[in-house]
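Here the structure comes first, spelled out in structure tokens, and everything after it is commentary.
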Amino acid sequence: MLKRFLLALLFLSIFCGAFAQEIKSPEKFLGYKLGEQFTPHYKIVEYFNYIAKASKNVKLQQYGATNEGRPLLAMFIASDENIGRLEDIRQNNLRLAGLGNSAVAATTNAPVILWLSYNVHGNEPASSETSMQTLFDLVNPDNAQAKEWLKNMVVVIDPCLNPDGRDRYVNFYNSVHGLVPDVNPASREHVEPWPGGRINHYYFDLNRDWAWQTQKETQARVALFNQWLPQAHVDYHEQGYNAPYYFAPAAEPYHKVITQWQRDFQVTIGKHNAEDFDRNGWLYFTKQEFDLLYPSYGDTYPIYNGSIGMTYEQGGISAGLAVLTRTGDTLTLVNRVAHHHSTSISTIETVSANGPKLVSEFKKFFDNSINNPPGEYKTYIIKNNNQEKINHLGEMLRRNGIKYTFGVNQSVNGFSYVTGKSEQYSVKGGDMVINAYQPKSVLLNVLLEPKTFVADSNTYDITAWSLPYVYGLDAIGLKESIKGSDVTVASLQPAVAQASPRAYAYVASWQSVNDVKFLASLFKKGIKVRYSETPFEAAGKKFAPGSLLIARAGNDAGDFDQVVTTAATAAGEQLTPLKSGFVDKGRDFGSGQIHYIRQPRVMLIAGAGVNAEAMGEVWHYFEQQIGYPVTLVKYQDLNRARLSDYDVAIFPDGNYEDFPSDKLQGWVHDGGKLIVMQDAVSELVDKKGFDIRKKDDKKDDKDKPKTPNLKPYGDRDVDAISSTTPGAIYKINLDNTHPLGFGMQPYYYTLKLSNDIYDYLGDNGWNVGTVKGDAYVSGFVGQKSKEKIKDGMLLGVQSIGRGTVVYMVDDPIFRSFWENGKLLFGNAVFMVGQ
């Protein structure tokens, strides 16, 4: 009897143990096969939470949240031996990169780290489905192969980089598809409504934001990424559904800092991925379209940080659950998940097999960065002629792990970013000094070099982004190494404004977006503000046009001083209290050249026809950067809106039918301010009352005999490039005596995304930003475009009746990283037309 009891007990323990080890697959957990329907983000989260409890080989970390409150997750998967020592592995990995503590980094048996990032574009949803299957494969107790892979590696899975965009797309699709998916591409389930699911809450493309980190999702993710610095990283995407699968190696141009090892291992990965695709007869391509140049992608940013960074692209945008391709095949979500799963597993296997080499090359990358940094210049001096911009730049560098110092006082000779020539400069203690001999020198070089070498002009994105031009700061590139002190200068510390109860007025500078934010905060508190149209001197200081005057007159509240100084401290604003309105030089505060700033009521146009990303930049500017109210109005609803409720109407880049309406023109004539940007400018060409004209193309000579087109068909792509401008920097003349140019230098670095340029405005307008001669600075510009972008207007202001039109041909706040234009845009909203 006892024997039978013991046998039963043994059987029960074995049964319970086996049951306890069982981990549900995504299909068992969700109740459907992956790809049969779209999984809402919350269910993906539930599955990852389930695995975190069911498996002893994982650690789940919520590293942030989206604007709409959805969690951002990273799952760490490792062997039994390594899962309990993740922090030791992380610290050792940082020491390999020269970024950890002083302890010696261990290379022997150091696990290789592979990071898989899924679904950065919301309407490319197949990869988030794949993430669940990949996770299950790695933790499945019956998967002996996975246990082998994990012996020498840590895998990090981010299941969805853009949950807000993903749910926007999934909710759309689930609301419109029928009982059976309609494969006809014309059916409504294959046509997303505006703004689409690709972008995040503020309509930003998160795969263009890795280096700039303007969005909260990116800030949280890149902070975690830089705490680990994986040896390999894959960014999963989808492309048009007619395209076959794409994986590494990438297309040219490669940035010249990319090492031969990074190039070669892309080929290794690609060949291994191809093996499974060949076995299954799946189509794919490599070495085309997706290049490695622009530094803010999910492949290039990791590459410039020592990783093997790669993009994988599955055909599938707008495909829904199933779509008929132009070859007559039906592409299903099940197919798309299978393809992404294949490359996920293949990449894990390849990285594990090459783990020791990846780790040693990773260390070599950072050793070279510290001892032999790339690039012509070994030190960059950023002149501190604008403390607020220096602060913003410093914050951006800090987020990317780039070290900088101050405290140098010596004469140097180097390349001037402003003049483009070698010149002498006396470095001052408050100037920022960025020495290239540091772990992040590769990224530093890519972000700071004055001109980026472009080996192949057929590139996927902008080709110029040098930070001194982005921030509108003068810089000097030095070929020798100079180091400052490690102590942050006092001027970088937050300003603390002191109340002065006997002050007649307070004066604040107007030289960065920080000052626009301060103005907005004063408006919120009901404080009346003025600005000076001309320079003046008072209290031993010089003040430029646009300086904010916060006078006691008209601000009768008893806590006036406390309100103003508290707002200034919160904004990091320096205030100068004045005892009198009688200035030492210039116009007194009662002069006609001192203007009251009316608090504008702002309308931003949105909806179908509007470039959603361009509109999102403006929305984000108001809500997140300056904290000022803005009303979003669909263009289709504009005729029903009461325009008298608004003082400013902003039309971002877009195509607007029947623009401008008689109603809108009447509103401008009666005192409204119309701000038009990029293609919205071209919509006003030849419209009655608007002086904007496209610049004449002298080459279109009707009397000139036409020559036959004898160009080879094979050269058509190369010929088209001659007319392109894929993001290049131009230095334009800026009239900083005009309110649109207040607080700016007499020049402005604009990012040209097209070859659009306009004739100078006539007597009713002001040509504030102009190109005279060749103003090219950096980036690729096709020869035909380069010949066109000369002698014309890019920033203009026209008076119509009592109202104003502001023409902004280029985007001054592009992707929210173009810091140089944020004050310019603030001028358009708050200063022009006052």
* What is the P(r) of the stretch 418-475, as percent of Cα-Cα pairs per 10 Å bin from 0? -> 17, 44, 32, 6, 0
* Which sequence of 168, 642, 336 reflects their accessible areas, 1.4 Å probe, from the largest down? -> 642, 168, 336
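What full-extension length gain, to one decimal in nm, is calculated for residue 504 and residue 669 as 0.36 nm per residue of separation minus the Cα-Cα distance?
On the way: separation 165, 0.36 × 165 = 59.40 nm, distance 3.74 nm.
Between residue 504 and residue 669, full extension yields 55.7 nm more.
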* Can you tell me the relative contact order of the stretch 399-483? Whole percent, Cα pairs under 8 Å, sequence separation 6 or more. => 35
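May I ask you to rank 663, 53, 695 by accessible area, largest first, using a 1.4 Å probe over the protein chains only?
On the way: 663 80, 53 180, 695 55 Å².
Output order, biggest surface exposure first: 53, 663, 695.
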* Relative to the first principal axis of the alpha-carbon coordinates of the chain, what is the inclination of helix 387-399, with its axis defined by its Cα atoms, in degrees from 0 to 90 and to the nearest 10? -> 0
* **Zone of residue 790's modelled label, taken as backbone nitrogen in the stretch 666-699 under 12 Å from a point 7 Å along Cα→Cβ** => 698-699
* Running Debye on the stretch 290-353 with equal point scatterers at the Cα sites and no solvent, what base-10 log of I(q)/I(0) appears at q = 0.12, 0.19, 0.21, 0.22 Å⁻¹? -> -0.45, -0.86, -0.92, -0.94
* Take the alpha carbon gyration tensor of the stretch 132-213, find the square roots of its eigenvalues, order them as a ≥ b ≥ c, and report rounded if a/c is under 1.5; if not, report prolate when a/b exceeds b/c, else oblate. => oblate
* Asked: Where nothing but the Cβ of Lys and Arg (+1) and of Asp and Glu (-1) is charged, how large is the charge dipole of the stretch 291-408 around its Cα centre, in debye to the nearest 20?
  -> 380
* **Kirkwood-based Rg to Rh ratio, the stretch 551-701, C-alpha trace** => 1.09
* To do: List the relative contact order of the stretch 722-834 as a percent without decimals, with contacts defined as Cα pairs under 8 Å and 6+ residues apart.
  => 30
* Nearest-10 value in Å² for the accessible area of residue 346, using the 1.4 Å probe -> 10
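Take the alpha carbon gyration tensor of the stretch 163-269, find the square roots of its eigenvalues, order them as a ≥ b ≥ c, and report rounded if a/c is under 1.5; if not, report prolate when a/b exceeds b/c, else oblate. Intermediate values should be presented prior to the final figure.
Details: a/c = 2.78, a/b = 1.56, b/c = 1.78.
Oblate.
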* To do: Could you point to the label whose value was computed as Rg/Rh (Cα atoms, Kirkwood Rh) for the structure here, given (1) 1.04; (2) 1.00; (3) 1.11?
  => (2)
* With 5 Å bins from zero, work out the P(r) of the stretch 155-196 over every alpha carbon pair and list the percent per bin. => 5, 20, 24, 18, 14, 10, 5, 3, 0
* Asked: How high is the relative contact order of the chain, in percent, with contacts defined as C-alpha pairs under 8 Å that are six or more residues apart?
  -> 10
* What does the accessible area per residue of the chain come to in Å², with a 1.4 Å probe and no ligands, DNA or RNA counted? -> 41
* Work out how much length residue 686 to residue 171 would gain on full extension: take 0.36 nm times their residue separation and subtract the Cα-Cα distance, in nm to one decimal. => 181.2 nm
* Using a 1.4 Å probe over the heavy atoms of the protein chains, calculate the carbon and sulfur portion of the accessible area of the chain as a whole percent. => 50
* Structure fact -> Rounded to the nearest 10 degrees, the helix 2-21 long axis (Cα) sits at an angle to the longest Cα principal axis of the chain of 30
* **Loop-resident sites, the stretch 217-287, for trypsin sites (Lys or Arg not before Pro), counting at most 16 other Cβ within 10 Å (DSSP)** => 256, 287
* Points 7 angstrom from Cα along the Cβ direction at residue 108 and residue 763: gap in nanometres? -> 8.7
* Sorted by accessible area with a 1.4 angstrom probe, largest first, how do 56, 731 fall? -> 56, 731
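Rounded, prolate or oblate: pick one for the stretch 308-387, where a ≥ b ≥ c are the square roots of the eigenvalues of its C-alpha gyration tensor, a/c under 1.5 means rounded, and failing that, prolate if a/b is larger than b/c, else oblate.
Details: a/c = 4.57, a/b = 1.82, b/c = 2.52.
It is oblate, given that a/c is not under 1.5 and a/b is not larger than b/c.
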* Beta bridges by DSSP in the chain, antiparallel share as percent, to the nearest 5 -> 65
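So if each residue of separation counts as 0.36 nm, and I subtract the Cα-Cα distance between residue 601 and residue 409, what length gain in nm does that give?
In short, 64.4 nm is gained.
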* To do: Relative to the longest principal axis of the C-alpha atoms of the chain, give the angle of the C-alpha long axis of helix 355-371, reported between 0 and 90° and rounded to the nearest 10°.
  => 30
* To do: Select from the stretch 733-834 those trypsin sites (Lys or Arg not before Pro) which occupy a DSSP coil region and have at most 16 other Cβ atoms within 10 Å, ordered by residue number.
  => 772, 790, 802
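The values are calculated or read from the model by the stated rules, or taken from the named source; none is laboratory data. A quick note: this is a predicted structure, and the numbers were derived from the prediction, not measured. Glycine also receives a Cβ, built like all others from the backbone with ideal geometry; neighbour counts cover every protein chain displayed. In case anyone asks, the SASA skips ligands and DNA or RNA and just uses the protein heavy atoms, side chains included. Shrake-Rupley method; radii C 1.70, N 1.55, O 1.52, S 1.80 Å.
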